[in-house]
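Since the structure comes first, as structure tokens, the remarks are kept for the end.
The values are calculated or read from the model by the stated rules, or taken from the named source; none is laboratory data. The structure presented is a predicted model; accordingly, all values stated were derived computationally and were not measured. Note that each Cβ is placed from the backbone with ideal geometry, even for glycine, and that neighbours are counted across all protein chains shown.
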Amino acid sequence: MSYRIPDALIAKENARLTTAQDEDYAALGRRLERAGADIESITAKVAAFAVAVPTWGVGTGGTRFARFPGLGEPRGIFDKLEDCATIHQLTRATPACSPHFPWDKVDDYRELAERAAALGVGFDAVNSNTFQDAVGQKLSYKFGSLAHEQKAVRDQAVAHNLECIEIGRKLGSKALTVWIADGSNFPGQSNLNRVFDLYLESMAEIYAQLPNDWRVFIEHKLYEPAFYSTVISDWGSSLMAAQALGPKAHCLVDLGHHAPSVNVEQIVARLIRAGRLAGFHFNDSKYGDDDLDTGSIDPFRLFLVFNELVGASARGAPGFDPAYMLDQSHNVTDPIESLMASAMETQRAYAQALIVDRDALASAQAGNDVMLAHGILKAGFVADVTPILAEARRRNGGAIDPIAVYRVSNYRKIKATERPAVAGSSSGIV
Ligand code: RM4
Ligand code: MN
Ligand code: MN
């Protein structure tokens with residue numbers, strides 16, 4: 001039996017922090033009460049919040065230059081599930097993982113589903129991969145996949161996506177996320193509109209096979225690996241595609257997939273208005289698709305995104321049902337610590353957005369009182385909601401301080417002996 005952190009260790013560590021947590025939570029409760037907010041309702045919402053962990057995120061990532069793997073890395077999907085389960089055990093915020101194929105391919109999906117259930121982990125959206133050539137694959141994706149000039153390549157990419165749906169059905173997933181790298185590196189290399197039409201044609205074939213209770217998430221990205229044009233480069237192309245395909249197609253926002261300084265929260269607002277917001281791949285960035293830890297660079301932007309989400313939920317925006325996922329590459333940290341911290345950062349932004357007095361904000365906006373409106377919004381962001389997050393975890397059976405418990409447990413060291421390195425492991429993104 002492989003090592004799992006004993007619940008008794010969580011209880012022991014929690015006991016050490018109980019007095020401080022009680023004091024901090026009570027003090028914050030009084031502070032919020034004076035401002036007209038009820039801490040209990042915020043804590044209940046945070047406790048019910050869930051964000052999925054990407055299976056590819058629990059391995060150490062890398063750059064174009066190098067990957068520096070750590071000890072005890074997952075060697076395959078079964079190890080990855082264990083790490084995902086550990087993240088959830090301590091944070092109680094990540095009940096599902098989002099698998100990627102063919103990276104997570106196995107022979108027996110019933111066995112995989114059973115193992116996940118035994119570990120208390122579910123499956124969120126399945127991700128297809130036509131941005132790499134898989135071992136033994138017949139035709140190459142070097143010049144594209146769903147939007148490739150040659151029909152045989154497009155057919156192969158469509159077939160792969162259909163296979164992902166089939167696997168997802170066996171795992172209890174309800175969505176397929178499609179991100180393609182198709183694009184061009186040189187002006188003139190491809191016809192900008194023709195490739196979009198080819199993409200739509202291929203996606204229509206996938207869409208036609210989508211089970212009734214499934215959705216397809218279209219993920220846009222400005223650039224990389226294509227450096228001149230990308231077929232689904234922005235939310236406009238994504239929305240055009242979703243609207244052409246039908247009501248089960250939605251637009252997924254990966255926070256790192258935009259030009260620097262783009263107003264991402266406004267994109268989120270527009271997609272909500274169109275009833276087409278699929279959800280998120282959370283991460284953070286300074287320059288491009290940096291895949292840094294959520295909330296580590298620009299927590300204000302994350303808060304502003306959650307402000308749109310909380311506003312949409314409060315007014316009952318039609319079709320509003322976003323899926324929350326992390327999508328990061330951990331190059332210099334222990335991926336489990338990063339993913340725990342990132343899940344907690346999404347909860348932090350959510351709790352801060354819940355503090356915003358929406359009625360007061362609306363009347364300040366109506367009265368053109370700029371400073372008041374900005375101050376009301378900012379009041380949410382500057383609030384230290386850490387005691388709310390800890391309380392939500394504690395009530396759900398998690399750790400008051402997940403990273404501290406993880407460190408005392410020696411989980412990684414133990415895994416290093418349980419998981420002798422294997423050649424060609426599928427951990428992380430390089
Ligand atoms: C892409 C994109 C996709 C992810 C791959 C690994 O940049 O974010 O969501 O599946 O990276
Ligand atoms: Mn992504
Ligand atoms: Mn990305």
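If I ask for residues that are within 16 Å of ligand 3 (Cβ to nearest atom), under 21 Å from ILE297 (Cβ atoms) and not in a loop (DSSP other than H, G, I, E, B), which ones from the stretch 249-278 would you list?
Pass one, the stretch 249-278, residues within 16 Å of ligand 3 (Cβ to nearest atom): 251-260, 262, 264, 267, 278.
Then keep just the ones that are under 21 Å from ILE297 (Cβ atoms); that gives 252-260, 262, 264, 267.
Those that are within 16 Å of ligand 3 (Cβ to nearest atom), under 21 Å from ILE297 (Cβ atoms) and not in a loop (DSSP other than H, G, I, E, B): LEU252, VAL253, ASP254, VAL264, ILE267.
With surrounded by fewer than 24 Cβ atoms within 10 Å (Cβ to Cβ), within 16 Å of the chain's Cα centre (by Cα), within 16 Å of ligand 3 (Cβ to nearest atom) and not in a strand (DSSP E or B) as the only criterion, which of ASP321, ASP290 stands out?
Details: ASP321 fails: within 16 Å of ligand 3 (Cβ to nearest atom).
Selected residue: ASP290, the only one of ASP321, ASP290 that is surrounded by fewer than 24 Cβ atoms within 10 Å (Cβ to Cβ), within 16 Å of the chain's Cα centre (by Cα), within 16 Å of ligand 3 (Cβ to nearest atom) and not in a strand (DSSP E or B).
Identify, please: which residue in the stretch 1-23 is hydrophobic (A, V, I, L, M, F, W, C) and loosely packed, with under 10 Cβ neighbours inside 10 Å and is, among those, farthest from GLY398 (Cα to Cα)? Break it down into steps so the answer makes sense when it comes.
Within the stretch 1-23, the first condition is being hydrophobic (A, V, I, L, M, F, W, C), and the residues that meet it are 1, 5, 8-11, 15, 17, 20.
Pick out the ones that are also loosely packed, with under 10 Cβ neighbours inside 10 Å and you get 1, 8.
Values: MET1: 22, ALA8: 11 Å.
Looking at residues that are hydrophobic (A, V, I, L, M, F, W, C) and loosely packed, with under 10 Cβ neighbours inside 10 Å, I get MET1.
Considering only residues of the stretch 211-222 that are under 19 Å from the mean Cα position of the chain (by Cα) and not β-branched (Val, Ile, Thr), which is farthest from ligand 2 (Cβ to nearest atom)? Full working, then the answer.
We begin by selecting, within the stretch 211-222, every residue under 19 Å from the mean Cα position of the chain (by Cα); these are 214-222.
Now drop any that are not not β-branched (Val, Ile, Thr), which leaves 214-215, 217, 219-222.
Values: TRP214: 19, ARG215: 16, PHE217: 10, GLU219: 6, HIS220: 10, LYS221: 7, LEU222: 12 Å.
Within the stretch 211-222, the match that is farthest from ligand 2 (Cβ to nearest atom) is TRP214.
So ILE232 fits all but one of (1) away from ligand 2 (no atom under 16 Å from the Cβ); (2) in a loop (DSSP other than H, G, I, E, B); what number is the exception?
Only one criterion is unmet by ILE232, namely (1).
Scan the stretch 61-74 and give yes if some residue there is of a type in the set (Val, Ile, Thr) and buried (at least 19 other Cβ atoms within 10 Å of the Cβ), otherwise no. Explain how you work it out, then say what you get.
Of the residues in the stretch 61-74, the ones of a type in the set (Val, Ile, Thr) are 63.
Among the residues that remain, those that are also buried (at least 19 other Cβ atoms within 10 Å of the Cβ) are: none.
No - not one qualifying residue is present in the stretch 61-74.
Under 8 Å between Cβ atoms, which residue pairs at least 6 apart in sequence (or on different chains) link something in the stretch 312-334 that is farther than 20 Å from ALA249 by Cα and without any contact (Cβ under 8 Å) to a residue 24 or more places away in the chain with a partner that is in a strand (DSSP E or B) and of a type outside the set (D, E, K, R)?
Pairs found: none.
Could you run through the stretch 223-241 and say how many residues are away from ligand 3 (no atom under 14 Å from the Cβ), of a type in the set (A, V, I, L, M) and within 21 Å of the chain's Cα centre (by Cα)?
1
So the check is Cβ under 8 Å with 6+ separation or different chains; which pairs have a first residue in the stretch 175-191 that's of a type in the set (Asp, Glu) and within 13 Å of ligand 1 (Cβ to nearest atom) and a second one that's in a strand (DSSP E or B) and modelled with pLDDT of 95 or more?
Within 8 Å, the pairs are ASP182/THR230.
Based on what the data block shows, is VAL126 β-branched (Val, Ile, Thr) and out of contact with any helix residue (DSSP H, G or I) (no Cβ under 6 Å at 6 or more places or on another chain)?
Details: β-branched (Val, Ile, Thr): yes; out of contact with any helix residue (DSSP H, G or I) (no Cβ under 6 Å at 6 or more places or on another chain): no.
It is false that VAL126 is β-branched (Val, Ile, Thr) and out of contact with any helix residue (DSSP H, G or I) (no Cβ under 6 Å at 6 or more places or on another chain).
Just checking, which of ALA118, ALA37, ALA93 is surrounded by fewer than 24 Cβ atoms within 10 Å (Cβ to Cβ), among the small types (Gly, Ala, Ser), at pLDDT 95 or above and under 18 Å from GLN347 (Cβ atoms)? Steps first, please.
Working: ALA118 fails: under 18 Å from GLN347 (Cβ atoms); ALA93 fails: surrounded by fewer than 24 Cβ atoms within 10 Å (Cβ to Cβ).
None of the other options fit; the residue is ALA37.
Taking ASP38 and the conditions (1) out of contact with any Phe, Trp or Tyr (no Cβ under 7 Å at 6 or more places or on another chain); (2) in contact (Cβ under 8 Å) with a residue 24 or more places away in the chain, which numbered condition does it fall short on, given that it satisfies the others?
(2)
Residue pairs, Cβ under 9 Å, 6 or more apart or interchain, first in the stretch 262-288 and farther than 17 Å from LEU309 by Cα, second modelled with pLDDT of 95 or more and in a strand (DSSP E or B). List them.
Note: pairs meeting the criteria are ASP284/LEU292; SER285/LEU292; LYS286/LEU292.
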